[in-house]
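Any read-out appearing in this document is the output of simple, stated calculations on the displayed coordinates, not a laboratory observation. All figures in this text were calculated on a predicted structure; none of them were measured in a lab. Virtual Cβ from ideal backbone geometry, glycine too; neighbours counted across all protein chains shown.
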Ligand code: NAD
């Protein structure tokens, strides 16, 4: 089977598919033959060929409407990529209740919300798969990232529990845990704060075990691998895409 046929006839939802990692996933799945519906606050950034749907994953009515639109357009849903997410910085006293509720809603509750809305369609699919974007933050103990880490840890453990619930139905559920990736989110954060952005970027690269940021397409390839109908026995797994940061338990100086 050629790469271009791997996802032929399958329909995928990619949340946050208009930028960064999600956009790269949407492009790759399109190239591999899938129908792709991008759920995003700003769907204009969805790649050519995708169905861009304006959707706020923190809002149930918005998600349900987008799921029904995607299913109506393509006749079903086989794959859900729960990728939309936002950042949060600081120690345990940095974020007020409104910020906690907002980030938990966008990053965590959205995974349950989108998956639950798509579940009736996934149950009808021969190749149902869900891939959630967690992070190295789930398990690494990153400084100044308490709220963000809580959300990514929740996605990590939800992935395992959801996989157990749906394995007998043939719905595979996995997660990727990217390290720091070269996406608009990371780069704009770097450029907005640093006095010397080039030096900050050099130091950020140097802190990665393999000496550079993770490329979005590398995460996208891992997500596509886990979503692929060729991986029928892979479920409840969490794949690190972090240059060895977590697996090697080292941090280059
Ligand atoms: P990005 O900001 O480039 O893209 C995120 C996309 O999500 C944007 O298109 C944005 O419009 C969309 N989005 C945000 N809130 C939304 C909402 N409420 N409803 C619908 N869409 C919404 O980000 P990215 O760096 O590509 O990150 C994607 C995912 O990868 C996130 O879950 C993030 O936590 C995770 N991640 C990123 C990194 C990294 O270093 N970039 C590392 C580990 C994990």
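Computed values, structure above
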| item | result |
| --- | --- |
| Label-point separation, residue 169 to residue 31 (7 Å along Cα→Cβ), nm | 3.2 nm |
| Calculated log₁₀ intensity ratio I(q)/I(0) where the Debye formula runs over C-alpha points of region 64-210, q = 0.14, 0.16, 0.17, 0.19 Å⁻¹ | -0.77, -0.93, -1.01, -1.14 |
| Compactness of region 24-99 as Cα Rg over 2.2 N^0.38 Å, two decimals | 1.32 |
| Whether region 145-253 is rounded, prolate or oblate, judged on the alpha carbon gyration tensor where a/c under 1.5 counts as rounded | prolate |
| Stretchable slack from residue 142 to residue 217, in nm (0.36 nm times residue separation minus alpha-carbon distance) | 24.6 nm |
| Within a Gaussian network of the chain (alpha carbon springs, distance under 10 Å), most fluctuating of 66, 94, 154 | 94 |
| Sequence of 152, 124, 102 once ranked by neighbouring C-beta atoms within 10 Å, starting from the fewest | 124, 102, 152 |
| If the convex hull is drawn through the Cα atoms of the chain, its volume per residue in Å³ | 128 Å³ |
| Separation of alpha-carbon centers, region 107-150 and region 197-253, rounded to whole Å | 17 Å |
| Rough spin-label spacing in nm, given labels placed 7 Å along Cα→Cβ, for residue 126 and residue 234 | 2.1 nm |
| Nitroxide proxy distance, nm - points 7 Å out along Cα→Cβ at residue 69 and residue 48 | 2.2 nm |
| Packing rank of 141-148, 107-114, 45-52, where each peptide gets the mean count of other beta carbons within 10 Å, highest leading | 107-114, 45-52, 141-148 |
| Proportion of all alpha-carbon pairs of region 61-143 beyond 23 Å (%) | 34 percent |
